[in-house]
Structures are given as C-alpha cells and as structure tokens.
Amino acid sequence: MMTRRFVLATALAGLTAVLSAQQAPDRTHPPQPGPPPALTLPTIQKRQLSNGLPVWMVEMHKVPVVQVNLLVFSGTADDPAGKFGVASLTTAMLEEGAGARSALEIADAVDFLGADLGAGTGIDASAVRLHVPVARLAGALPIMADVALRPTFPKDELERLRRERLTNLLQARDDPPTIAALAFSRILYGPAHRYGTAMLGTGAAIAAFTPDDLRAFYAATFRPANTALLVVGDVAPDHVMPLLESSFGSWTAQTGAAAHATLPAAPEPARREIYLVDKPDAAQSQVRIGWIGVPRSTPDYFPIQVMNTILGGSFSSRLNMNLREKHGYAYGAGSGFDMRASAGPFAASAGVQTDKTAESLKEFFNELNGILQPIPPDELARAKNYVALRFPGGFETTGDISRKLEDALVYHLPDTYFSQYVQSIQAVTAADVQRVAQKYIQPGRFVVLVVGDRKKIEPGIRALNLGAIKIVTIDEVFGPAPSIPQ
Amino acid sequence: MAAPKIEVKYTQFTLPNGLRVILHEDHSVPMVSVNMWYHVGSARERTGRTGFAHLFEHLMFMGSGHVQPGQFDEWLETAGGDNNGSTENDRTNYWINVPSNSLELALFLESDRMGYLLDTMTPKTVDAQRDVVKNERRQSYENRPYGQADITLGELLYPEGHPYHWPVIGYMPDLTAASYDDVVTFFKTYYAPGNASLVVAGDIETETARTLVERWFGDVKPGAPVEPMTMPGVALAGVQKKTVTDKVQLPRLSLAWLTPSHLAPADAALDIVADMLAGGKNSRLYKRLVYDMQIAQSVSAGQNSQALSSYFLIEATPRPGHTVEELQKVIDEEITRLQNDAPSQHEMERSFNQVEASFYNRMERVGGFGGKADQLNAYYTQTGDPDWFNEDLGRYRPLSATDVQAAAAQYLPLGRRVELVVMPEGSK
C-alpha cells in the first residue's frame, strides 16, 4: 500500500540536488521527504557449537566493541508456586561466586577488563550479558562462562542478597509508580498467578530460599537445549567461533528439555471497578486503567501497534495531547500493551495532579471511548509512518540489535519478521485498527487504579460513578512489610 | 590493550549570522540527528524567575512562525522522527532524529523556531506549558522519594545569589510568576544564532548538508552578543548540616563538596576518586558498607562536573536497623585513608580501563541525548574543539596514584562540606 506521503516523495525526488544556499527557503510548506533510504538490515549468521548450542551472530564494525549474550529460555514466569522470586534470585547469584572465583574476584576481573557483565531475569527469559572492548573479549569470555555454567551459590552471598532484596521490597513502598504498577497487576491477575506478584518475588519466599532451591532452579533451566548464544559487534565469525567453542562448547551437563511452568488462565474483569491506594499528601495521583491484553504471539500484533500509537504510544497520541497539552493535568500520558508469552496487562497511564484526578479520569475515558470510533486517514497515516519509518534506525548499536535478536528467539518470531516489519505496518488498514480497538479496548470492563491522596481524590472519583470503589492497602499490594534479618 | 585512539571526523563552519555548525558523517543506519545547543541554562535566570530556562525549553516545541501548534510533533512523527530537549545549569539542548530522507524537514523545524518562535507565541501557550512543567516538578521531585532533598542539596552547596543555588526545575511561585514578556526578553537575549551551535550528524553527505543548513538557517537574524558568565569562586567555610524529612522507609545521607569546574585540573582525578570509592563491588565504600559490613543498602559517589563550579557527592542509604551516623563514620574513614595513602596500581589500572571502555561505548549511537552529535556539541561548547574525545580521554591515563590521593586530600576535606540527612517522617 502506498501512502500519500510516499507519492509526494516520489514526485519531489531529486529536488535536493538542485538546491543552492542562496535560494530563500520556502517556509510556507514543510519540506517533503526525499526518496526513502534503502533498508539494509544486518545479516544474522546462524551457527552452532559442538554441543548443539545455537549461535546467532551479527557483524558490526563501526566501534571496536562486542556484545555476547547467553540467553536462557526461562524467566520469572517459570517460578514454581510458592517460590515466586526464585528465577530472579538464581540469576542474580550467578555473579556471586563461580568456578574458582569469589564474588569480589569476579567483579574485579570484569572491571579490570573494562567490561560490563550482568546476569538478569525477565518474565520469559534470563540472560548473562557481556559488553566489552573487542580486544578484551578473549579475557572476558572465560569469566562469563564461569558465571553462566559454573555458579557456586555461596551461602553467605545468598544471605547478603536476601537482605538486599527484602530491603528493595521495603523501599518499593515509597515510590508511587512502583506501587501503581504492582497493584494493577495484582488486581488483574491475583496473588496465585505469577504476573500478579513483583518479579523480585514475595517477601516470604525471599526470606525462605535456600541454596538448594537456587541450585534446583538453575539445574532445571540452565541447559544447552534451553539456551542460545548471541554475538553482536566488531568480530568475524571465524575468529570468534573458536573462542565460543572453548568457553561454551563443552557444556553438556543437564541435557534435555527444561521444565517450564504453565500459567493458569486469568479471566478478564466482568465489569468496571475502581481501586484506590491511599498515599497521604501525594502531589500527584498515579493512574492505571486497563485489563489483561494480549500475548506476544497475537495475530493482531501489527494492528495493535498502530492502534496503540494513536491512543497513547507517541507524543502526538490522543492521551498525551489531551491530558498534557490540552489540559495540563500531567507531565505525560500514554498507553501500552505489555506483551509476554502469556497475555500481559494493557494499561493507559499517567501521573496527574491531585486536584485534577477526577477530571483526568474523565478525559482518560473520553479517549478510551474515542479510539473505538473510525480513525481519520491522516492520523492513521501518521501513526503507521511513525512506527514504520523509524524501524531501520533501531538497529544502530550492539545493544539495540542484541535486544531484537533476543526477542526473535524468545518469541519464535519468523525469519522474515524484521525484513517484513515495515510492510506489515503499512498494510494495517483503518478497519483493522477499529477491529482491534473494539476487541481489546473495552472501557466498560476496565480496572481503574489510582494511587493518591485518598481524602482529596475520593469524593471526586465517587461523583464520576464509574463503578464500585474498593480501597487497597499497601500491605495488600506488597504483602506485610518484610523484616530484614540483621 | 593499547589505549584507544578515537577520532570523530567533522566539518565546521560559521554562518554570517553567527551560528556555528558542525557536520559529521556516519552511515551505519539511515538516520540523521539535528542537535542544537543554546548556551544558556538555569544559571542565567534571575531571582523570582527560577525554572524559566526549562519552561522556555518547553515552549520551543509549541510551534513557530510557519509551524502551527502541534505540527512540530505531527510532522516529525509522520516522517518517522523523534525529538526531545533538556535543560541544565549551563546549557539547553534539542535534538531531532529523522530518517535521512527527512533531514530537510528537521532543519526547517529547527531553524523556524530559532528565527520565528515569537510569531506564534501567546500568553495562552505559556500558561499551557506552565501547567505541564508544574506537573513535571510534582512528578520528578514532590512525588518522588528523596526528591525534595535533591533540591535542598543545591541550596546548601551554593550561597544565595549564586546561579547554582536554585534548582533547574525552579520554585513553584516562580513558575507561576513567569510571564509572556519574560518569554520575549529571554528569546531575544539568549536564543540568537550567535549563542548557539548546531551539529548535523549521521547519514548525510557533507556538502549537501552544508547547503541545506546554509539555506534554512541563513535567514535567521543575528542577535546581540551574549557576555560569557563569570562568577567569583565559591567555597564552603565549614560543615553545612541539615536534616529534612520525607515519606520514605529509610534515611539517606548525602555528603557534598564544592570541587573544580569541568575540565579544570583535578576534575578528572576526582572522577577516578569517585570510581575508587563507589564504582563496583571492590570499590572502597561499596565493599565495606554494602558488601562486608552490610550496614548500607546502597552507596554512590560522583564528580558532577559543571561550567562554573562542580560538586562531589557521596550518597548512602542505611539498611533497616542501621543509622546514617554509622555510615558517615565509615565513609570518613575511607576518605581519610585515600587522603593519606596513594591507591594501588591495580585500582588505578582498573579505573583507567573502565574509563577507556566507556569512550568506546559512547561511539555507538549518533543521535539523542549523549549520542555522538550531542557529544560533538558538548565538546565544542566546552573547549572550542568538537573532536576533543582523545584530549578528554588523555586527561585520565597520565594521572598518577599520588594525583588521585592529592585530589582527595585537597578537595574532600571532612570539615568543609554539606551533610544532608533525610529522615523518614515520624521517626525520631
């Protein structure tokens, strides 16, 4: 499909060649774009080590650095019931003792190389990630391999991280956006579903984890059949493959498929309900409105991207223009579908000034209802172009590309996904947008969560008659305040 | 590893109206960044109008002579572009990232607001962004844990009347007082081409880009020159101690010193001091407070380099059951140790290697905050030389362990500093 903009671009192509500095600029119309630049996506070279570990590589020779990620296809969603937080803590412990090195020795060796090494867990995957000047790669890979393949889970380090994490949970109670994000998930998914609890886990679980819990989770998930290696940067495959082989090629322990948890079904709310978390004297109210959205595998991925861009995914989106630019109630407003292996939350969100909380909720619902109506052609074209035309610029750094490769691997994106992306966006029609809006934006059934100064905001919210109002305590969101062992 | 040699090739010229222009080609992705620095920040504000430079920054996105309100963002989004701006004490910067076929659109928009901002400016526009900025202040300071203390710190470090005394975000009554007339005066005084520098970097052909820049910025009228800011040096006479309260679970200790300005002698040595104190698990403060004794949840240290005066800041949060006094005792012991004994060669080498790697990492991205375009503009502003990367890097490796020890001894005196404590509301 051709947009009006591209037709214009073709008609005016070549104009820049005849420009001269002396010519007075014509400011009566914005300059039209030249011909679109060629889209040259990086080539992904796929190989494997002798133990079957897949290796995806992208060469980038602009800067002498390289990113190497060992990606494990298990994340916090694989935490067993009663052990919420084990994936996150297991991964964090990898750097706290590995091979013959202590935690301090690992950190010293990595820092001395000028490298960044980090182990972290997301919802659907975990990773050990290394970013290093390419001249130091050979020195850094064996340390990375120790951390990923030979963690020792020292008891003292576990006690230290346990206290650190319990303190993190305590401090999370200070921050309104953190409270809002967690409360919203808790309301949608409930305490039994993994998505309803912080990735860090519950205080009770963190307090109880033993080194054996971590070893068991590690053994069940860190295995070659559940792992891939990514290399992006200033390296030649033939040069780097032997280095990878020597660090990771003999990893054969724990073959076989990893144990993956199955998340329970999470029903959508049947009717709209309002939840208030009291934060006395708060200068703003943190607002989250939405419900359970879609999984990353949704066939509606591209229409949803376009629809959300219009609703709250860009500066000129309706929510931002309304709540920020028109009314000045907020510094910014937006919306987003958090797409995971299972359906993650959809939320429209903003921090709004306390004395305009009810007015803001009214405007949120005006926009959530408005998106169900047909989209004007110029607004649709703008949203599609915004998403599509900036896509090539998203392959600039080793970090950019490695994140895209991780997504492709974790969510089994087709080989043609990146090369077809721009076309897939441009193919979205007004009817597609309206269809996905009506399917996924149902304001009459949305959960409304507000974290703010209850005594000031409750009367106004009540007067809106949006639905039943429930009060949620901080303890209901986080569990009781953890006591930190000394 | 040999010390990196970093070179960023550029072309530089000045337009007749005084605008300094720097062009840099990087064809790795088909994007261009148009990066404009105005050499004005909150330091130029007057009493009663704090926060104005930043409020003004917001107004720069609200349309100009040939761009109706809203069109700036709509046109850029239609082109697949992004944009943003930021204000600090000493400068205000703006960037537009666009696919390279829309370079001319970005130059049109950037030049139009430089040349014709006031043509569409109205008191109503000022009111609208005043409300937005007040909400930015609520979100980033008033409703954020420890946010108010971040404002208090500057007030304790710099005396009344010093332009770093007040926060960039400004005080609420001053934001209320800002007027349309202030906007006109500020624009005419500080937003002339002679007080700005422009970097165009990315997927460009230098000659074509030069022609386009000359064309779009050529009709912008020059303004009166802006006198450079000079301030008498500031010093703390003794310990400035203050305790404030906030709605937080844990106390926080901030220790701060006035230190040499950006690029002055000892500025780089203080970067190394900061790394030795709190960069990584083996750093002296992290290892003792967080790792060994486990009486702190976190500790950080940094030399915050600014044009008129820098400050060195150490912050630490005690674990439940521990106090800021316990932390301060250990922090002071470690500062004293660094003042008395030169650090080991291993510590020095570890810090240098990290500094050098960070210079590579800064070469990866062209646009946005901190990209190559922004860095070229920063170096140009600070030194007159856009490609000052190697010179900057060269400030570190020649430092000796004794230099680092001397910097700690001279600039981190325990008896002349700010000691700011945040206590949880309702605690004793």
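Taken together, the values in this text are just the output of simple stated rules run on the coordinates, not laboratory data. Remember, predicted model here, so these are calculated numbers, not experimental data. With ideal geometry, Cβ positions are generated from the backbone for all residues, glycine too; neighbour counts draw on all protein chains shown.
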- MRE, 222 nm, helices only [DSSP H, n ≥ 4, -39500 (n - 2.57), over chain B, to nearest 500]: -11500 deg cm²/dmol
- Note on the structure: Placing +1 on each Lys and Arg Cβ and -1 on each Asp and Glu Cβ in the protein assembly as shown, then taking the dipole about the Cα centre, the residue among B:Ala278, A:Ala358, B:Leu327 whose Cα reaches farthest towards the positive end is A:Ala358
- Query: Which whole-number percentage describes the relative contact order of chain B, with Cα contacts under 8 Å and a sequence gap of 6 or more?
  - Reply: 23
- Item | Rounded tilt (10° steps) of B:103-116 against the dominant C-alpha axis of chain B | 90
- Prolate/oblate/rounded call for the stretch A:45-248, Cα gyration tensor, a/c under 1.5 rounded: prolate
- Can you tell me the dipole magnitude for chain B around its Cα centre, using point charges on the Cβ only (Lys, Arg +1; Asp, Glu -1), in Debye to the nearest 20? 1080
- Whole Å is fine, so just give me how far the alpha carbon centre of the stretch B:65-114 lies from that of the stretch B:227-298. 36
- Query: Looking at B:Trp257, B:Val244, B:Ala296, which one has the Cα that reaches farthest to the positive end of the dipole of the stretch B:208-319 (charges on Cβ: Lys, Arg +1; Asp, Glu -1)?
  - Reply: B:Ala296
- Listed by chain and number, the lysines with an alpha carbon less than 22 angstrom from that of B:Lys241, same-chain partners under 8 positions apart left out, are B:Lys329, B:Lys428
- Query: Quick one: Cα centre-to-centre distance for the stretch A:179-237 and the stretch A:63-117, in angstrom?
  - Reply: 12
- Task: Treat every Asp and Glu Cβ in the protein assembly as shown as -1 and every Lys and Arg Cβ as +1, leave all other atoms uncharged, and give the resulting dipole magnitude about the Cα centre to the nearest 20 debye.
- Result: 1900
- A student applying the Cα gyration tensor rule (rounded when a/c is under 1.5; otherwise prolate if a/b is larger than b/c, oblate if not) would label chain A oblate
- aspartates and glutamates whose Cα lies under 15 Å from that of A:Lys46, excluding same-chain neighbours fewer than 8 positions away: A:Glu59, A:Asp238, A:Glu245, A:Glu406, A:Asp415
- the stretch B:1-52-the stretch A:274-291 distance, computed between alpha-carbon centres (Å): 40
- Message: If the elastic network links every pair of Cα atoms under 10 Å, which of B:Arg20, B:Arg337, B:Arg44 fluctuates the most in the Gaussian network model of chain B?
- Response: B:Arg337
- Item | Net charge contributed by nearby residues that have their C-beta within less than 10 Å of A:Ala282 (K/R +1, D/E -1) | +1
- Would you order B:Thr336, A:Thr40, A:Thr397 from fewest to most other beta-carbon atoms within 10 Å of each residue's own beta-carbon? A:Thr40, B:Thr336, A:Thr397
- Item | Rounded if a/c under 1.5, otherwise prolate or oblate - the protein assembly as shown, Cα gyration tensor axes | rounded
- Point-charge dipole on Cβ atoms (K/R +1, D/E -1) for the stretch A:273-466, about Cα centre, debye to 20: 280
- Note on the structure: Along the dipole axis of the stretch B:1-119 (charges at Cβ: +1 for Lys and Arg, -1 for Asp and Glu; origin at the Cα centre), the most positive-end residue among B:Leu105, B:Gly81, B:Ile22 is B:Ile22
- Query: Antiparallel as a % of all DSSP beta bridges within chain B, to the nearest 5?
  - Reply: 75
- Which of A:Lys362/B:Lys242; A:Lys279/B:Lys372; A:Lys326/B:Lys372; A:Lys404/B:Lys287; A:Lys83/B:Lys287; B:Lys134/B:Lys188 exceed 32 Å between C-alpha atoms? The answer is A:Lys362/B:Lys242; A:Lys279/B:Lys372; A:Lys326/B:Lys372; A:Lys404/B:Lys287
- Query: Taking only DSSP H segments of four or more residues, each worth -39500 (n - 2.57), what value at 222 nm results for chain A once the sum is divided by all its residues, to the nearest 500 deg cm²/dmol?
  - Reply: -12000 deg cm²/dmol
